[in-house]
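> Have a look at this one.
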Amino acid sequence: MLPELSHKEIHRYSRHLLIPDVGLKGQQKLKAASVLIIGTGGLGSPVALYLAAAGVGRIGLVDYDLVDFSNLQRQIIHGESRLGDLKVESARDRLLDLNSEIQVDIYNELITSENALEIAAPYDLIIDCTDNFPTRYLVNDLCVLTRKPNVYGSIFRFDGQVSVFSAEHGPCYRCLFPEPPPPGLVPSCAEGGVFGVLPGTIGSIQAAEALKLILGIGEPLIGRLLLFDALDMSFQTVKLKKNPGCKICGENPEITELIDYEVFCGMPAHDHDAGSAGEEWDITAEDLAARLDEGVNLRLIDVREPHEQEISNLDGSELIPLGQFASRLSELDSAQEIVLYCKSGIRSARALEILVSAGFKKVKNLKHGINAWALEVDPSLPIY
Amino acid sequence: MPILKIPSPLRPYAEGQSSITAPGEKVSEVLEFTLEQYPLLKKHLLSDDHQLRPFVNVFLGDENIKELQGIETPIKENDTLMIIPSIAGG
């Protein structure tokens, strides 16, 4: 039995009701639907806004983070007045301002193997708007095990991917990518950046797929992967097939319950950009400043990309981008003390691993990168 | 000659190129030619035993080469190969 629409709702959704494929019954299906959106960042913003505007009756939002100034370039559900607030509260308030007739549930927590089944239980479908590999594998496995469709979207710089992984009817995320990249090989958006409108495009497509699934209209992206390149301004669709050897949806699945995804991926389940190489190898910005003031002879190596030097720079540093690091070790002398830095300490921690495995011992990582230097030592530098 | 399209996440390892024209009658030959020119791409594409790594896919048109003959898949003069990497941003 589908819920009735009030006169006010009929007025609000009139442009939907005019489409024969939606109509009154379709709008009632939307009102009866429940959708869980995991992540309220770049992708989660447009997904949540469009689903709320479309009249999806119950929307769950999962995020553990706070609204940060660097989010506002693309996370359009949040605003300056909500800086420092919980993302789920900021997003909920915006959704209810847009449509007070829907129900918005918030989960201010990191989704994990321990809480995922309980959080997902009340919802018909799940939208993957996360920003890291461990959570993507968790969301995939959760959806396969609970037989819920997973509307997947992913972005990096100018490229986006969208699919609907519905293991009962087609492949899952693991069929396409059986394993994640090793830690550090693929930079996150916090390290590599993302074109601000890209999540708008990809998130809108995820929202469209979710609405189509609820309405039962059109051809969902099951068994297809949509690729978007904002530089070429091109869309391309490729075919995806179920992998009979898939570890979770194949013929003989090895994974029958949720696992530890941080261990599986070898990386943390967040995209925070504060990196450390461990206490033994880190040097704080204040300690580095003190050593430089003492006149200690050390080499400062910047492992960022050349264009980042225009944003901020440490005097006397030399540039060896991380991508070239392993092939340029001959430029470094293991007898000399070396301090590595990047934006936030993540890439320099990777460079440090390369040096240490090559036998270097007198090497340190600037903890939390040049942004920490800007915060603690030299406020004339910007934080980015 | 066949064309190999490089997605933006991997372009820094291919001197910024968005596509590479590479001779070859099989996918493996195109990849080998490409990796000779851009060795930094190797760890993103192939394992030490010259198999595609499990977090990257290569498509010939709209078909995953895994569904064809893997890196031994034959290709024609005007074919376009596309690398599809794992990305996780959101």
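> Taking the condition among the acidic types (Asp, Glu), buried (at least 24 other Cβ atoms within 10 Å of the Cβ) and in contact (Cβ under 8 Å) with a residue 60 or more places away in the chain, does A:Asp131 pass? Walk me through it before giving the result.
On the way: among the acidic types (Asp, Glu): yes; buried (at least 24 other Cβ atoms within 10 Å of the Cβ): yes; in contact (Cβ under 8 Å) with a residue 60 or more places away in the chain: yes.
The answer is yes for A:Asp131.
> On the basis of being under 30 Å from B:Gly90 (Cα atoms), more than 12 Å from every other protein chain (Cβ to nearest Cβ), in contact (Cβ under 8 Å) with a residue 12 or more places away in the chain and in contact with a strand residue (DSSP E or B) (Cβ under 8 Å, 6 or more places away or on another chain), does A:Ile311 make the cut? Spell out how you get there, then give the answer.
Numbers: under 30 Å from B:Gly90 (Cα atoms): yes; more than 12 Å from every other protein chain (Cβ to nearest Cβ): yes; in contact (Cβ under 8 Å) with a residue 12 or more places away in the chain: yes; in contact with a strand residue (DSSP E or B) (Cβ under 8 Å, 6 or more places away or on another chain): no.
For A:Ile311, the condition - under 30 Å from B:Gly90 (Cα atoms), more than 12 Å from every other protein chain (Cβ to nearest Cβ), in contact (Cβ under 8 Å) with a residue 12 or more places away in the chain and in contact with a strand residue (DSSP E or B) (Cβ under 8 Å, 6 or more places away or on another chain) - is not met.
> Shifting gears a bit: Before we move on, is B:Ser28 over 22 Å from A:Leu227 (Cβ atoms), buried (at least 16 other Cβ atoms within 10 Å of the Cβ) and not acidic (Asp, Glu)? If you could, list the steps in order and put the result at the bottom.
On the way: over 22 Å from A:Leu227 (Cβ atoms): yes; buried (at least 16 other Cβ atoms within 10 Å of the Cβ): yes; not acidic (Asp, Glu): yes.
Yes, satisfied.
> In region A:163-176, which residues are over 14 Å from A:Glu219 (Cα atoms) and under 17 Å from the mean Cα position of the chain (by Cα)? Before you say what the answer is, go through the steps one by one.
In the first step, residues of region A:163-176 are kept if they are over 14 Å from A:Glu219 (Cα atoms); the result is A:167-168, A:171-176.
A:Tyr173, the sole residue that qualifies.
> Any chance you could count how many residues in region A:163-189 are in a helix (DSSP H, G or I), in contact with a helix residue (DSSP H, G or I) (Cβ under 8 Å, 6 or more places away or on another chain) and either small (Gly, Ala, Ser) or closer than 18 Å to A:Leu226 by Cβ (or both)?
Of region A:163-189, the ones in a helix (DSSP H, G or I) are A:173-176, A:189.
Filter once more, keeping what is in contact with a helix residue (DSSP H, G or I) (Cβ under 8 Å, 6 or more places away or on another chain): A:173-174.
Pick out the ones that are also either small (Gly, Ala, Ser) or closer than 18 Å to A:Leu226 by Cβ (or both) and you get A:173.
Qualifying residue count, region A:163-189: 1.
> Starting from region A:277-289, keep only residues that are on the phi < 0 side of the Ramachandran plot, then list their pairs with residues that are assigned to a loop (DSSP other than H, G, I, E, B) whose Cβ atoms are within a distance under 6 Å, requiring at least 6 positions of separation or different chains.
Hits for this filter: A:Asp282/A:Ser276; A:Asp282/A:Lys367; A:Thr284/A:Lys367; A:Ala285/A:Val377; A:Ala289/A:Val377.
> Residues to consider are A:Ser330, A:Ser312, A:Ser357, A:Ser344; find the one that is surrounded by fewer than 22 Cβ atoms within 10 Å (Cβ to Cβ) and under 26 Å from the mean Cα position of the chain (by Cα).
Working: A:Ser330 fails: under 26 Å from the mean Cα position of the chain (by Cα); A:Ser357 fails: under 26 Å from the mean Cα position of the chain (by Cα); A:Ser344 fails: surrounded by fewer than 22 Cβ atoms within 10 Å (Cβ to Cβ).
On inspection, the qualifying residue turns out to be A:Ser312.
> For the subset of region B:70-88 comprising residues that are surrounded by 17 or more Cβ atoms within 10 Å (Cβ to Cβ) and β-branched (Val, Ile, Thr), which member is nearest to the other protein chains (Cβ to nearest Cβ)?
By that ranking, first place goes to B:Ile87.
> Same structure, new question: Of the residues B:Pro74, B:Pro9, which single one is farther than 29 Å from A:Pro321 by Cα and touching a residue at least 40 places away in the same chain (Cβ under 8 Å)?
Numbers: B:Pro9 fails: farther than 29 Å from A:Pro321 by Cα.
Unique residue meeting the criteria: B:Pro74.
> Among the residues of region A:15-54, what is the count of those that are in contact with a strand residue (DSSP E or B) (Cβ under 8 Å, 6 or more places away or on another chain), part of a loop (DSSP other than H, G, I, E, B) and more than 14 Å from every other protein chain (Cβ to nearest Cβ)?
Step one: list which residues in region A:15-54 are in contact with a strand residue (DSSP E or B) (Cβ under 8 Å, 6 or more places away or on another chain), which gives A:33-40, A:42-44, A:47-48, A:51-52.
Pick out the ones that are also part of a loop (DSSP other than H, G, I, E, B) and you get A:33, A:39-40, A:42-43.
So of that shortlist, the ones also more than 14 Å from every other protein chain (Cβ to nearest Cβ) come out as A:33.
Number of matching residues: 1.
> Residues in region B:1-54 that are in contact with an Asp or Glu (Cβ under 7 Å, 6 or more places away or on another chain) and within 14 Å of chain A (Cβ to nearest Cβ): how many?
5
> Also: Just give me the residues in region A:205-245 being within 14 Å of chain B (Cβ to nearest Cβ), in a loop (DSSP other than H, G, I, E, B), surrounded by fewer than 18 Cβ atoms within 10 Å (Cβ to Cβ) and out of contact with any Phe, Trp or Tyr (no Cβ under 8 Å at 6 or more places or on another chain), in sequence order.
Matches in region A:205-245: A:Asp232, A:Met233, A:Lys241, A:Lys242, A:Pro244, A:Gly245.
> Quick one: which residue in A:Pro180, A:Pro199, A:Pro171 is in contact with a Cys (Cβ under 8 Å, 6 or more places away or on another chain), farther than 20 Å from A:Asp124 by Cβ and within 8 Å of chain B (Cβ to nearest Cβ)? Talk me through it step by step, then tell me what you get.
Numbers: A:Pro199 fails: in contact with a Cys (Cβ under 8 Å, 6 or more places away or on another chain); A:Pro171 fails: within 8 Å of chain B (Cβ to nearest Cβ).
Going through A:Pro180, A:Pro199, A:Pro171 in turn, the sole match is A:Pro180.
> In region A:365-376, is there at least one residue being within 25 Å of A:Pro183 (Cα to Cα), assigned to a strand (DSSP E or B) and not aromatic (Phe, Trp, Tyr)?
Yes, there is a match, as at least one residue in region A:365-376 is within 25 Å of A:Pro183 (Cα to Cα), assigned to a strand (DSSP E or B) and not aromatic (Phe, Trp, Tyr).
> Taking into account only those residues within region B:55-69 that are assigned to a helix (DSSP H, G or I) and out of contact with any Lys or Arg (no Cβ under 7 Å at 6 or more places or on another chain), which is nearest to the other protein chains (Cβ to nearest Cβ)?
Here the residue is B:Lys66.
> Of the residues A:Asn252, A:Asn297, which is at pLDDT below 95, away from chain B (no Cβ under 14 Å) and out of contact with any helix residue (DSSP H, G or I) (no Cβ under 7 Å at 6 or more places or on another chain)?
The unique qualifying residue is A:Asn297.
> When the residues of region A:55-90 are narrowed to those that are part of a helix (DSSP H, G or I) and touching a helix residue (DSSP H, G or I) at 6+ places or on another chain (Cβ under 6 Å), which ends up nearest to A:Asn115 (Cα to Cα)?
At the first step, the residues of region A:55-90 found to be part of a helix (DSSP H, G or I) are A:69-71, A:80-82, A:87-90.
Next, from what is left, pick out any that are touching a helix residue (DSSP H, G or I) at 6+ places or on another chain (Cβ under 6 Å): A:82, A:90.
Working: A:Arg82: 27, A:Ser90: 22 Å.
Out of the qualifying residues, it is A:Ser90.
> Turning to a different aspect of this structure: Among what's in region A:117-163 and is over 21 Å from A:Gln103 (Cα atoms) and basic (Lys, Arg), pick the residue that is farthest from the other protein chains (Cβ to nearest Cβ).
A:Arg147
> Residue check: is A:His11 under 33 Å from the mean Cα position of the chain (by Cα) and outside the structural domain of A:Arg74 (by TED's automatic domain parsing)?
Working: under 33 Å from the mean Cα position of the chain (by Cα): no; outside the structural domain of A:Arg74 (by TED's automatic domain parsing): yes.
The answer is no for A:His11.
> Quick check on this structure: which one of B:Ser19, B:Ser47, B:Ser86 is of a type in the set (Gly, Ala, Ser), farther than 26 Å from A:Phe235 by Cβ and modelled with pLDDT of 90 or more? Walk me through how you get there before you give the answer.
Working: B:Ser19 fails: farther than 26 Å from A:Phe235 by Cβ; B:Ser86 fails: farther than 26 Å from A:Phe235 by Cβ.
After applying the criteria, what remains is B:Ser47.
> Just to check your reading of the model, which residue among A:Ile111, A:Ile102, A:Ile127 is in contact with a Ser or Thr (Cβ under 7 Å, 6 or more places away or on another chain) and either more than 16 Å from B:Ala88 (Cα to Cα) or β-branched (Val, Ile, Thr) (or both)? Give the steps one after another, and end with the answer.
Numbers: A:Ile102 fails: in contact with a Ser or Thr (Cβ under 7 Å, 6 or more places away or on another chain); A:Ile127 fails: in contact with a Ser or Thr (Cβ under 7 Å, 6 or more places away or on another chain).
That would be A:Ile111, the only listed residue that is in contact with a Ser or Thr (Cβ under 7 Å, 6 or more places away or on another chain) and either more than 16 Å from B:Ala88 (Cα to Cα) or β-branched (Val, Ile, Thr) (or both).
The values are calculated or read from the model by the stated rules, or taken from the named source; none is laboratory data. These numbers come from a predicted model, not from an experiment. Every residue, glycine among them, receives a Cβ derived from its backbone with ideal geometry; neighbour counts consider all protein chains shown.
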